[in-house]
Amino acid sequence: MKKGMMKNYFFVALATLVVASCQPKQESMADLIKDRLDRSVEKSLLMAESLKDKPDLLPRSFNAKGDFVTSNSTWWCSGFFPGVLWYLYEYSQSATVLDYARNYTARIEKEKDNTGTHDLGFMLYCSFGNGYRLTGDESYRRRVVSRQIQSDCRLYQIMGFRQMAVSGNY
């Protein structure tokens, strides 16, 4: 092989090594997940804090202009934000996140008696269901079970049954 060609191969190989070594270090999946969950905690706390003195409101979304959009407890997704807070509490074990999870769950408590929507599962299981799962607080379980019994009674009435036997603790 000629000396010039060998020199060219050397420079091509060197250039390849230099380019390959300049690639950004790829973070592990565990680091990526931790980073995103930490960001979620941070952003969710900002939203929760922004509405702490507005007890009838829950975070909803941001519109096309970037404005913060809120809802009240009757919105069919009202249980989602409390549910997010419960999941973030499960991850972080932060007392602040726990306090906000409880606070925002309480904001939708009146919906347990809402008979005008079929979306109560979204409202109650995300919030009260996760609250019970993570804390064992029986008051959360009672709200979910109480609503389930009401739903069953309503279904039985629609089907034409006069009575429904209810047993167990709720």
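Worth a mention:
- Sites Phe62 and Ser139, calculated FRET efficiency, Cβ-Cβ separation with R0 30 Å, nearest 0.05: 0.35
- Evaluated over the stretch 101-147, the Cα radius of gyration and Dmax, each in Å: 9.7, 29
- Relative compactness, the stretch 26-159, computed as alpha-carbon Rg over 2.2 N^0.38 Å: 1.15
- Where a label projected 7 Å from the Cα of Trp76 along Cα→Cβ would reach, residues of the stretch 105-131 with amide N under 11 Å: 117-120, 122
Readers should treat all values here as calculations from the given coordinates under stated rules, not as data from a laboratory. If you're wondering where the values come from, they're calculated on a predicted model, not measured in any experiment. Neighbour counts are summed over all protein chains in view; Cβ atoms, including those assigned to glycine, are modelled from backbone coordinates with ideal geometry.
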